1. Can you tell me the dipole magnitude for region B:31-73 around its Cα centre, using point charges on the Cβ only (Lys, Arg +1; Asp, Glu -1), in Debye to the nearest 20?
2. Going toward the positive end of the dipole of chain A, with +1 on Lys and Arg Cβ and -1 on Asp and Glu Cβ, which of A:Thr46, A:Ile142, A:Leu176 do you reach last?
3. Pop a pseudo-label 7 angstrom from the Cα along the beta-carbon direction at both B:Arg124 and B:His70 and give the gap in nm to one decimal.
4. Given all pairs of different Cα atoms, what value in angstroms does the Kirkwood hydrodynamic radius of region B:22-140 take?
5. Using Cα atoms only, what is the angle between the long axis of helix A:156-180 and the major principal axis of chain A, expressed in degrees (0 to 90) to the nearest 10?
6. Multiply the residue separation of A:Leu182 and A:Glu73 by 0.36 nm, subtract the distance between their alpha-carbon atoms, and state the gained length in nm to one decimal.
7. In whole angstrom, and with the biggest value first, how far do the Cα coordinates of chain A range along each principal axis?
8. I'd like the distance between the alpha-carbon centres of region A:47-113 and region B:57-82, rounded to an integer number of Å.
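Laboratory data are not the source of any read-out in this text; all were calculated from the coordinates shown. Computed from a predicted model, the values in this text were never measured in an experiment. Every residue, glycine among them, receives a Cβ derived from its backbone with ideal geometry; neighbour counts consider all protein chains shown.
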Amino acid sequence: MRSEEQIVINSHLRFLAACAMITLLAGCASPASRQELVVEETSFGTRHPYSVFVIAGGGGETDATGYTNISNEDLEGAIKESIIKSGLFSSVAKTHDADYKLSVNLVSMSKPMFGLSFTIDMEMSWSLVNTKTGAAVMRESIKSSHTTGGGEAFAAVTRIRMAVERAAEKNIRQGLQKIAGLPLN
Amino acid sequence: MIRRERTIHVVLLLSLLVLLHGCAVNKATATVDQTTDLSALKMFHVKKYSKDTRDTNVLIENKLTEMGFHISGTETEVDAIVTYVDKWWWDITMYMLELTITLRDPGSDFPLATGHSLHTSLTRKSPEGMVDEVLTNIFFSDEKRGADSDK
């Protein structure tokens, strides 16, 4: 017959093992997918007859044991692709030799750790400069948010990634809409 | 019985490996917007983060003063407002896991520059060290450019 102390120890061990299993099964964080950030908008109602050079920053790599992040390359690529798809500018330049320079920086992103639903709040700074005159025609802090519900994906890391992607896509959409409303010349 | 406990120990060991795998992560980034001239910023107001209970705002003010800048107690007539978010974690003792400092335009709230540092437990820095690293990266890092700087 086991002693009461041994029963308690075994009970604690089982609890720790359960915690360990949850940790192992929780999965690894994966980076936001560039394709999910692209704004699938056919048009913003404006076609600026100028070229634009796009540069993005503030993002980072995603560690397997860390938190979902957006890489600078993916953010930049998604903005470029969104501009091309919408036709907002006549072309997206590969070098600084363009009519306008668009700089987008990921300033902050909330990182909720626990819960069934995850809300990501995001802020990006958007600035557009006329490269010929050097004048800043747009300086905006754009905030976006998205909540992924508990039923949208089984794994928490997937729900977090989805929320990050949707919040970023909303931010890009708002940024491009602002640019569409600018009287560029 | 022995076999079951051995299995439990293996699972515990594996989970420990998973948990410890991320214990030595360092990240330090700084971004300055293309429209920002940092040399024009002389006077700052540090806005206390609503969830800060450890007076990180004082550390930022002290460091900015040490760097030769002026600190104002109000948001009026300053070149930039400094906002920050500090995140603390526990591992034997509490330590500052992450610090993000943003310099904002006083009129529009536009983020002029942002710095971020992350040090997990094994490479933890003191709060003063975190503040020093972030502000140094914003103002003096050669690697930062208009958009990014990952080190």
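1. 180 debye
2. A:Thr46
3. 3.9 nm
4. That comes to 14.5 Å for region B:22-140.
5. 10 degrees
6. Values: separation 109, 0.36 × 109 = 39.24 nm, distance 2.60 nm.
My answer for the length gained is 36.6 nm.
7. 88, 27, 22
8. Each part reduced to its Cα centre gives a spacing of 31 Å.
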